[in-house]
Amino acid sequence: MPVLNERDYLARAVDTVLTQDVDAPIELIIALAPSSDGTTELATELAARDPRIVLVDNPAADIPVGLNIAIRASRYPTIVRVDAHSELEPGYTRRALHTLTRVGAANVGGVMRADGRTPFQRAVARAYNSRIGLGGGAYHGGADEGDAESAYLGVMRRAVLEEVGLFDESIRRGEDWELNLRIRRAGYRVWFDPTLSVTYWPRESWTRLARQFFATGRWRGELVRRYGLVNSLRFFAPPALVIDTVAALVVAVLQLTGVLSGIPALVASLVHLPVLAYVALVVVVAAGPGGGAGWRDKMWTLAVLPTMHFSWGTGFLIGLIRGADDTVDTSRIGDRNTPLP
């Protein structure tokens, strides 16, 4: 469990790990980044109460670095990745271990069930759980068990991780997708099991959400630079929306100023159709059951969906053109990365 500034979530996350019903010895390795909210002190208290908790330092504060430090410090042949901003459902580990053996997989993951405590966080959670919000990845609401492109968190065979080289520490976002790509290329199976469920608590404010998705999008652009069309086509939808929106704005200005008129203006108007269709889709989703129960939930849904799509799409285009460089997710603290997916 890589941890950075998670005091409000850490104790519950740790409890859901240590109360897993597993007929085998377990340990929880917490990789502590330099926190400023009392997380390190809380983790120290928790470790003092339970000898199964082992604390290691992650001064770089990057996700893959912390994960690799924790894996190297661990003793057992199966690695269960967990996050401080998530909660394992009862029976998660036992079922995952059974599936790992049953299908002969190297990595097994389940469903990320986002949840929220405020109207804004609930709106983000609904977007996470919707095909409209995050594009339909299996772990955002898939129902069919089977081979998968990647896995949320993941229950992994240590021997396979060591064979493929653990997490790539040069990748700060999307490191799980890249690891699973190497696992599949090595001839092993990545498996999705919808009976596995993890509760995930999204960002709590609009600005943090925008910064998170911009950083994630930029790293996806970097991954496209590195791996090309191995990336799923769904990753290209948000940048396409951004490009079309910019084109529509340019055409609108040219039409309003009279630079474009007549048949050329009519033909150019076609660029407005995807934007209008997108606006209509967001309004329909927000107004319907997918927008929540109250008016505040629905209004936040109207804001959350475009924020996620345009932040991610803009970041993707910059990452595709310029690379990710040293881009980090600043949605938790300063210029630091966070241990969140």
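The values are calculated or read from the model by the stated rules, or taken from the named source; none is laboratory data. As the structure is a computational prediction, the values presented were derived from the model and not from experiment. Backbone-built Cβ (ideal geometry, glycine too); neighbour counts: all protein chains shown. We work out accessible area using only protein heavy atoms, side chains counted, and drop any ligands, DNA or RNA first. Shrake-Rupley method; radii C 1.70, N 1.55, O 1.52, S 1.80 Å.
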Which residue fluctuates the most in the chain, going by a Gaussian network model with Cα springs under 10 Å, if the choices are S74, S130, S269? S269
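Can you tell me the alpha carbon radius of gyration of region 261-310 divided by the globular rule-of-thumb value 2.2 N^0.38 Å? Don't skip to the answer; put the middle values down first.
Numbers: Rg = 14.7 Å, N = 50, 2.2 N^0.38 = 9.7 Å.
For region 261-310, the normalised Cα radius of gyration is 1.51.
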Out of every Cα pair in region 1-118, what percent are spaced more than 18 Å from each other? 53 percent
Length-normalised contact order of region 203-341, Cα under 8 Å, at least 6 apart, in percent, tallies to 50 percent
I'd like to know how region 51-123 sits against the 2.2 N^0.38 Å rule of thumb: what's its Cα Rg over that expected value? 1.35
In whole percent, the fraction of accessible protein surface over the chain that belongs to carbon or sulfur atoms, probe radius 1.4 Å, stands at 61 percent
Reported to the nearest 10 Å², E169 has, with a 1.4 Å probe, an accessible area equal to 80 Å²
R234 accessible area, assembled protein chains, probe 1.4 Å, Å²: 70 Å²
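On a full-extension model of 0.36 nm per residue, what is the gain between S205 and E145, subtracting their alpha-carbon distance, rounded to one decimal in nm? Write down the numbers at each step before the final one.
Values: separation 60, 0.36 × 60 = 21.60 nm, distance 3.37 nm.
Value of the extension gain: 18.2 nm.
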If one computes the Cα centroid of region 87-122 and of region 199-223, what distance in Å separates the two points? 21 Å
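Set the Förster radius R0 to 22 Å, insert the Cβ-Cβ distance between L276 and S232 as r into 1/(1 + (r/R0)^6), and round the FRET efficiency to 0.05.
Details: r = 26 Å, r/R0 = 1.18.
The pair L276/S232 has a calculated efficiency of 0.25.
Over region 1-153, calculate the relative contact order: mean separation of alpha carbon pairs under 8 Å at least 6 apart, over the residue count, as a percent. Provide the component values of the computation, followed by the final result.
On the way: 218 pairs, mean separation 35.6, N = 153.
With pairs under 8 Å counted, the relative contact order is 23 percent.
Quote the relative contact order of the chain in percent (integer), defining contacts as alpha-carbon pairs under 8 Å separated by 6+ residues.
Values: 631 pairs, mean separation 70.5, N = 341.
Once normalised by length, the contact order is 21 percent.
What is the diffusion coefficient of the chain in µm²/s, taking the Kirkwood radius over Cα pairs and the Stokes-Einstein relation at 20 °C with a viscosity of 1.002 mPa s? Don't skip to the end; give the middle numbers.
Working: Rh = 21.2 Å.
The estimated diffusion coefficient comes to 101 µm²/s.
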Using Cα atoms only, what is the angle between the long axis of helix 295-322 and the major principal axis of the chain, expressed in degrees (0 to 90) to the nearest 10? 90 degrees
For M299 and R52, compute 0.36 nm times the residue count separating them, minus their Cα-Cα distance, and round to one decimal in nm. 84.5 nm
Under a Gaussian network model of the chain whose springs join Cα atoms within less than 10 Å, the largest fluctuation of T39, T19, T93 belongs to T19
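From the helices alone, meaning DSSP H stretches of at least four residues, give me the mean residue ellipticity at 222 nm for the chain, per-run term -39500 (n - 2.57), in deg cm²/dmol to the nearest 500. Write out the running numbers ahead of the final one.
Values: 13 runs with 171 residues, N = 341.
Mean residue ellipticity, 222 nm, calculated: -16000 deg cm²/dmol.
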In the calculated pair distance distribution of region 158-260, what percentage of Cα-Cα distances lie above 16 Å? 73 percent
P(r) weight above 24 Å for region 93-204, C-alpha pairs, percent: 28 percent
Accessible-area value, I69, 1.4 Å probe, nucleic acids and ligands omitted, Å²: 50 Å²
Take every Cα-Cα distance within region 155-197, group them into 10 Å bins from 0 onward, and report for each bin the whole-number percent of pairs it holds. 25, 53, 21, 0
Using a Förster distance of 41 angstrom, determine the FRET efficiency expected from the C-beta separation of E41 and S170, and round it to 0.05. 0.85
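Over the chain, average the accessible area per residue using a 1.4 Å probe and give it in Å², no decimals.
Numbers: 14930 Å² over 341 residues.
Roughly 44 Å² per residue, with all protein chains present.
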Using only the Cα atoms of region 43-91, what are the Rg and Dmax in Å? 11.9, 33
Which one of P238, P64, P289 has the biggest mean-square fluctuation once the chain is modelled by GNM with Cα springs under 10 Å? P289
